[in-house]
């Protein structure tokens, strides 16, 4: 595996809703992390609540000099799934792209976030009455993801919100599919 010399920014994939736990875990290892969040008013009918959400659900950024030992140390952090990479090794993110991400902190407006789901990706439902069901993404749009589930007599499909699903624990993110 090839590692770029010097300190670079990298994207890491983390377990769903583990961003703050990962941030604390990396801080104890003196690894600089970037986890941008924003606040949104909950849309529940019975009460109003301000929620803190991640700009990039399931992903964070770290700045570190990577080598095999440091790579393993990062992967051992609570909630870290992987460092985004291609077949050659971890992919550094250019500083100007991180600068753009940091500028998002100052934005005060509606945030439209798009999860990284693509046709064919294996996913698991993590909320609602279908929690635990596993299937494959058929279609993706702004508000719904169509998931098909194979069953004995054939297959069925249903729509869920992107916030109700997560990729199944394997290298199945859109970023990894493109490299």
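Where a number appears in this text, it was derived from the coordinates with a stated rule and is not lab data. Bear in mind the structure is a predicted one, so any value in this text is a computation, not a measurement. When we count neighbours, we look across all protein chains shown, and the Cβ atoms used for this are built from the backbone with ideal geometry, even at glycine.
Label separation (residue 3 vs residue 86): 2.0 nm, computed from points 7 Å beyond Cα along the C-beta direction. Working from label points 7 Å from Cα in the Cα-to-Cβ sense, the residue 161 to residue 134 distance is 2.5 nm. For the range 7-106, the direction-averaged projected area of the alpha-carbon convex hull comes to 7.4 nm². Along the Cα-to-C-beta direction of residue 29, a point sits 7 Å from the Cα; which residues of the range 6-23 have their amide N less than 17 Å from that point? Counting only backbone N, you get 7-16, 18-23.
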